[in-house]
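The values are calculated or read from the model by the stated rules, or taken from the named source; none is laboratory data. The structure displayed is predicted, hence computed values, not measured ones. Every residue, glycine as well, gets a Cβ built from its backbone with ideal geometry; the counts of neighbours run over all protein chains shown.
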Amino acid sequence: MNFLEENINLFRMVNDLGKQYPYLNPTMVFIAEFTVYFLALGVIFIWFTRHKQSRMMIVCATITFVFAEIIGKIAGKFHSNNQPFAELTNVNKLIEKAVDNSFPSDHTILFFSFCVSFWLFRKGWWFLWVILASLVGISRIWVGVHYPADVLVGAIISIISSSIVYLVVPKLSLTQKLLGGYAKCENLLLSPLTKSKGNRTKDY
């Protein structure tokens, strides 16, 4: 059995679960389509904790995503395939998606870039972010818009990218200076508000 056949068989195995367990389809659609908003909210919340390491983590995750996305686009030049629903019959297609090159999965690259970066910085229970990224990858197969190879390659690119960025970027003096400069500007902008709040508190 060649790689193409194995890829299709694995896709069928996951995608057909939606036919066997249709009550899980709404959950998988939600994970495939809307968890990106929760990721965005998580990133914003973590950034505004104003913790230095947390901000370094977000910076590294963002750089990882850009780096991994560029590599993904280059990989897409060497190999391309349309979405499974556009190439195969009897696909359990659960969401609307334009037909284009689905290799590698952009959703998977996004989630693994951020979630693996989170785990590298924090370890412990932050591994749950990696589980979330894995669920997103599986859900994209489940709803019929990606092959397993699209997801697997996207995850590998992001894992390697996040590991390199984690080892390099925090040690760069430029990164430290930029974060320090941003923090100073933020403090200058927020200091009038802090003083105003303090004065109101004294009035009571």
Review point. Just for segment 137-146: of the residues that are among the aliphatic types (A, V, I, L, M) and not in a loop (DSSP other than H, G, I, E, B), which one is nearest to the chain's Cα centre (by Cα)?
Key: ILE138
Point to revise | Subset of segment 134-178 [surrounded by 24 or more Cβ atoms within 10 Å (Cβ to Cβ) and of a type in the set (Lys, Arg)] | key: ARG140
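If you take the residues in segment 12-35 that are among the aromatic types (Phe, Trp, Tyr) and within 21 Å of LEU110 (Cα to Cα), which one is nearest to the chain's Cα centre (by Cα)? Let's see the steps before the verdict.
Filtering segment 12-35 down to residues among the aromatic types (Phe, Trp, Tyr) leaves 21, 23, 30, 34.
Now drop any that are not within 21 Å of LEU110 (Cα to Cα), which leaves 30, 34.
Details: PHE30: 15, PHE34: 12 Å.
So, considering only residues that are among the aromatic types (Phe, Trp, Tyr) and within 21 Å of LEU110 (Cα to Cα), the one nearest to the chain's Cα centre (by Cα) is PHE34.
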Revision key, fill the gap. In segment 83-122, residues that are over 21 Å from ILE70 (Cα atoms) and under 17 Å from the mean Cα position of the chain (by Cα) total 4
**Study point:** Condition met for SER134 (among the small types (Gly, Ala, Ser), assigned to a helix (DSSP H, G or I) and either under 24 Å from LEU17 (Cα atoms) or touching a Gly at 6+ places or on another chain (Cβ under 7 Å) (or both))
**Key:** yes
Review point. VAL14 fails exactly one of the following numbered conditions: (1) touching a residue at least 40 places away in the same chain (Cβ under 8 Å); (2) farther than 20 Å from SER134 by Cα. What is the number of that condition?
Key: (2)
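Would a scan of segment 155-165 turn up a residue that is part of a helix (DSSP H, G or I), closer than 30 Å to TYR23 by Cα, at pLDDT 95 or above and in contact with a Phe, Trp or Tyr (Cβ under 6 Å, 6 or more places away or on another chain)?
Filtering segment 155-165 for residues part of a helix (DSSP H, G or I) gives 155-165.
From the residues that got through so far, the ones that are closer than 30 Å to TYR23 by Cα too are 155.
Now drop any that are not at pLDDT 95 or above, which leaves 155.
Within this subset, residues satisfying the condition of being in contact with a Phe, Trp or Tyr (Cβ under 6 Å, 6 or more places away or on another chain) are 155.
Yes, the conditions are met somewhere in segment 155-165.
Please pick out the residue among ILE109, ILE131 that is closer than 20 Å to VAL59 by Cβ and among the β-branched types (Val, Ile, Thr). Show your work before the answer.
On the way: ILE131 fails: closer than 20 Å to VAL59 by Cβ.
It is ILE109.
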Check your understanding: Name the residues in segment 62-100 that are touching a residue at least 24 places away in the same chain (Cβ under 8 Å) and closer than 14 Å to ARG140 by Cα, would you?
Key -> GLN83, PRO84, PHE85, VAL91, ASN92, LYS93, LEU94, ILE95, LYS97
Practice item. Could you please let me know if ILE74 is within 21 Å of the chain's Cα centre (by Cα) and surrounded by 14 or more Cβ atoms within 10 Å (Cβ to Cβ)? Key: no
Exercise for review: Within segment 56-69, identify whether any single residue is among the hydrophobic types (A, V, I, L, M, F, W, C), under 22 Å from LYS171 (Cα atoms) and over 16 Å from the mean Cα position of the chain (by Cα), and answer yes or no.
Suggested key: yes
